[in-house]
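Since the structure comes first, as structure tokens, the remarks are kept for the end.
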């Protein structure tokens, strides 16, 4: 085995309700939705009206500033509602499936025998393109760029993360086709971030056109941004493309079968799930059939994604475009009498200021309580302990808050996205909303760069 | 608890905007959140959060100060009765100390928190917990017989000029507790130095028995009377005159271990500060031209407020260096300067306060260079890949 990069800094948050490794059965979802807010900086332009009949792979909307990027329907059926929020911003385009799953057909061909432009064209036409995201900034990749690398992290270290070794089992061929397409796009090898134990070594060693990097350590070792930082860091002007492992399968299926088939195996996990396990569903599916009979009583929070970076959705909400996990945890609407003074035997804390340091292996049932009020940033040196990158988190955040673009660039804003600093936000005693501060800073930066 | 919660919920509306007591909104909120951790939930970003908040972080520091405080209280009584030539039991000694100590604590908290509440209301912020620690520290670093009005004035000065004008906790440049002490030191030197002020009663006409001087070991040393220094064991345990909480190195070490273990205090600053003090002590030993410079380097670490300052004041996360490399440099220089000022500057018998305040001022400069180094590493990397 090649050199393993061991990351020491970080934090594994152990939560109750990890998904059991089996694929359960659930009824077909009654509706699907594509959500423009899943895509950073996207300004959507609709191509359908309410009531239109569409096929799987028909466009629902496109990117106003890059009209070649289409966002297409995961199923065939009828556009039911276009759900808008404040200032008529489009939040959800809801499609009711007709159960027939009529597909638009695309070119079925071996990507290695195709030209780069042809591959790009097929990906754009079918709506598979948005699965390719770029670093910096974490928005949909620009078809006109040539990235310096394509990076895939084959394992996820976040709390209750789906096990990709389990999900990808038996999909070697499709995955390889997806990887081949991506390698044609970058003009080089595709970089894979692999965990020496958590990844399926037989699966990994059979792959071609890949360069494998081994990583070990607590979360965020599985974050692709951290892996890029330790192999080929992003400097100003660099572009790296990243794809989730399951989305490589979607790319693979496009070229193997000539259809847009966004199937996905999703883990349903969390302390409030009765039977945490995996389900086969599609991108944008309503989570209702997965959680309807499967959650405990009480005031619950449903999250598409993990507890660190996921999106809060309703019980009848829709799976996010990039998510392979639905987490259900209790809400935390309660006020605790002198909670800050108590010994805190069962309280989760990164610091050892509660007695819970006595039980480091305990699995927690954590709720959404903020555990305190917002304060100025006071503690230094704390945030770097959960981010294994050469980045001064507090200084970067302060530069971001005051909008000092030069300093943001200098301190490495090109290397981090929300998921990388999510742990800093979790452990922050000042309860600063770091992820949204960072995103606002990135938006300012994008505007400034033009 | 339920009844209290219901009562708070009932009176809450009159403190909200438009309510009758709107001007006490911050005050109400401060007391409410003191008794109940708020029921707020996450709305964006991470859905779960660490149980630690600012209140917890600050109370941990106060817990760490408890051993030094308890010992200090006892020592007030011990020194007093030693001077008077009496030998009452443990509890009388302790209660006498408590009687002297409590007014200091009450004045410090009432004045400081009063001002904090006012500023929070003016700014529309929540009351910050920083003063929980500052207010606890101040009585520990003043002489026991300091008149209360002086203390009140010093606290007000420290909170307003030392902290609030910069924007409150998290924004201040100087450690507020040390600012209070510096204010007293330069405004009322007669109450902050000499042989009379360190033992309760001496300033008020108590006649000390023969052979009891009342001077702190530092004052003795500065006067060149090295032979009058107490034994190292006495200095380590703390049965010597001095400011209320600073005398017992043992009690301070207990607090230091607690701070390091819980991860609240920076061990890097503490370790490097002690290293800095030791190094300066050794340098002085090398060039010793008078008895004071011959004092063994390690004994300097037990003397005066060195341990207390380096464990509880230099580590203040707001005013210390905020980068990890910076902390090593900052702590080392603070320790170095403290001993340098102490031994070589005849005007100031103790250099710890001034050394830390000086390093507070220089901390942003140290950080600046550490940050520049980080930026340079990033730029250098870019050039290498461009080739």
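The values are calculated or read from the model by the stated rules, or taken from the named source; none is laboratory data. Note that the structure is predicted; figures quoted are calculated from it, not measured. Please note: Cβ atoms are built from the backbone with ideal geometry, for glycine as well, and neighbour counts cover all protein chains shown.
Tabulated data for the structure shown
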quantity	calculated
Residue B:169 without any contact (Cβ under 8 Å) to a residue 60 or more places away in the chain and closer than 30 Å to residue B:16 by Cα	no
Residues (in contact (Cβ under 8 Å) with a residue 60 or more places away in the chain and within 26 Å of residue B:139 (Cβ to Cβ)) located in region B:315-329	B:316, B:318, B:319
Qualifying residue in region A:238-249 (condition: modelled with pLDDT of 95 or more and over 20 Å from residue A:135 (Cβ atoms))	yes
Residue A:380 vs. criteria crowded, with 21+ Cβ neighbours inside 10 Å, touching a helix residue (DSSP H, G or I) at 6+ places or on another chain (Cβ under 9 Å) and either farther than 30 Å from residue A:234 by Cβ or modelled with pLDDT of 90 or more (or both)	no
Filter result for residue B:310 (modelled with pLDDT of 90 or more, crowded, with 24+ Cβ neighbours inside 10 Å, part of a helix (DSSP H, G or I) and over 18 Å from the mean Cα position of the chain (by Cα))	no
Residue match in region B:361-378 (condition: in contact with a helix residue (DSSP H, G or I) (Cβ under 6 Å, 6 or more places away or on another chain), free of Cβ contacts under 8 Å to residues at least 12 places away in the same chain and part of a helix (DSSP H, G or I))	yes
Given (1) exposed (fewer than 15 other Cβ atoms within 10 Å of the Cβ); (2) in a helix (DSSP H, G or I), number of the condition residue B:80 does not satisfy	(1)
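Residue-by-condition table, conditions (1) touching a helix residue (DSSP H, G or I) at 6+ places or on another chain (Cβ under 7 Å); (2) crowded, with 20+ Cβ neighbours inside 10 Å; (3) at the interface with chain A (Cβ under 7 Å from one of its Cβ atoms):
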position	(1), (2), (3)
B:21	yes, no, no
B:25	yes, no, no
B:30	yes, yes, no
B:48	yes, yes, yes
B:53	no, yes, yes
B:57	no, yes, yes
B:60	yes, yes, yes
B:63	yes, no, no
B:66	no, no, no
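For every residue, the table says whether it meets (1) more than 10 Å from chain B (Cβ to nearest Cβ); (2) surrounded by fewer than 23 Cβ atoms within 10 Å (Cβ to Cβ); (3) assigned to a helix (DSSP H, G or I).
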position: A:388; (1), (2), (3): yes, no, no
position: A:400; (1), (2), (3): yes, no, yes
position: A:407; (1), (2), (3): no, yes, yes
position: A:425; (1), (2), (3): no, no, yes
position: A:437; (1), (2), (3): no, yes, yes
position: A:441; (1), (2), (3): yes, yes, yes
